[in-house]
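Peer 1: This is the structure I want to talk about, given as structure tokens.
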Amino acid sequence: MNKICWGWVLLGGFLAELAIFAIVIPLSFLAGPESLGYSAPAASFVATFVFGLWVAQRAPQGRVLHGILVGVVATLIYLGISLGRPVPIAYVVAHVLKVLGGAAGGFVALKRGASKVLSDADVR
């Protein structure tokens, strides 16, 4: 637990949730509130992927874990904002996609890091 970059994880989760709101709210004004069921899950995956990747690239190890934690933090922020009120099934799916998006971002960072190490070894 002491190898986790908690500051980056918290910042990434906050920025991911902020990005989700920045995408979903204007879309709901343009397309109507019924669009939330479609835009929230997609925005949740994309935002946590981007910020999970961003945080995981800064982690010395446990990159996938860092990405997952970004998704968990984003989910907890939303649950705190909504005060645990019941939500539509699309929002439950969005929360799962937040964690999966963060994990995917961490996995991409892991693979990028591995390919960078291999390419550095080829230079030597």
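The values are calculated or read from the model by the stated rules, or taken from the named source; none is laboratory data. The structure displayed is predicted, hence computed values, not measured ones. Backbone-built Cβ (ideal geometry, glycine too); neighbour counts: all protein chains shown. For the accessible areas, the whole protein counts, side chains as well, though only heavy atoms, and no ligand, DNA or RNA atoms are used. Shrake-Rupley method; radii C 1.70, N 1.55, O 1.52, S 1.80 Å.
Peer 1: Taking a ≥ b ≥ c as the square roots of the Cα gyration tensor eigenvalues, with a/c under 1.5 meaning rounded and otherwise prolate when a/b beats b/c, else oblate, which class fits region 1-119?
Peer 2: Here region 1-119 falls in the prolate category.
Peer 1: To the nearest 10 Å², what's Val99's accessible area with a 1.4 Å probe?
Peer 2: 40
Peer 1: Under a 1.4 angstrom probe, counting protein chains only, how are Ile77, Ile23 ranked by accessible area, largest first?
Peer 2: In descending accessible area the options line up as Ile23, Ile77.
Peer 1: Under a point-charge model restricted to the Cβ atoms of Lys and Arg (+1) and Asp and Glu (-1), what is the dipole moment magnitude of the chain relative to its Cα centre, in debye to the nearest 20?
Peer 2: 380
Peer 1: Heavy atoms only, 1.4 Å probe, whole protein assembly: order Arg58, Arg112 by accessible area, highest first.
Peer 2: From most accessible down to least: Arg112, Arg58.
Peer 1: Looking at Leu15, Ile77, Pro60, which one has the Cα that reaches farthest to the positive end of the dipole of the chain (charges on Cβ: Lys, Arg +1; Asp, Glu -1)?
Peer 2: Value computed over the given set: Pro60.
Peer 1: Where the accessible area of the chain is counted over protein heavy atoms with a 1.4 Å probe, how much of it, in %, is carbon and sulfur?
Peer 2: Here it works out to 75 percent.
Peer 1: Along its three principal axes, how long is region 13-80 when you only count alpha carbons? Whole Å, largest extent first please.
Peer 2: 43, 21, 15
Peer 1: Something else about it: Could you report the chain's accessible area per residue, 1.4 Å probe, as an integer in Å²?
Peer 2: That works out to 58 Å² per residue.
Peer 1: Any chance you could run the full-extension gain for Arg58 through Trp6? It's 0.36 nm times the residue separation minus the Cα-Cα distance, nm to one decimal.
Peer 2: 17.6 nm
Peer 1: May I pose another question? Which of the DSSP-defined H helices in the chain satisfy a minimum axial length of 30 Å, computed from C-alpha atoms, and a minimum mean Kyte-Doolittle hydropathy of 0.0?
Peer 2: The answer, listed by residue number, is 6-31, 36-58, 89-123.
Peer 1: Per residue of the chain, what 222 nm ellipticity follows from adding -39500 (n - 2.57) for every DSSP H run with n ≥ 4, rounded to the nearest 500?
Peer 2: Value at 222 nm, helices only, nearest 500: -30000 deg cm²/dmol.
Peer 1: Please give the length that would be gained between Ala90 and Arg112 if that part of the chain were fully extended, namely 0.36 nm times their separation in residues minus their C-alpha to C-alpha distance (nm, one decimal).
Peer 2: Residue separation times 0.36 nm, minus the Cα-Cα distance, leaves 4.7 nm.
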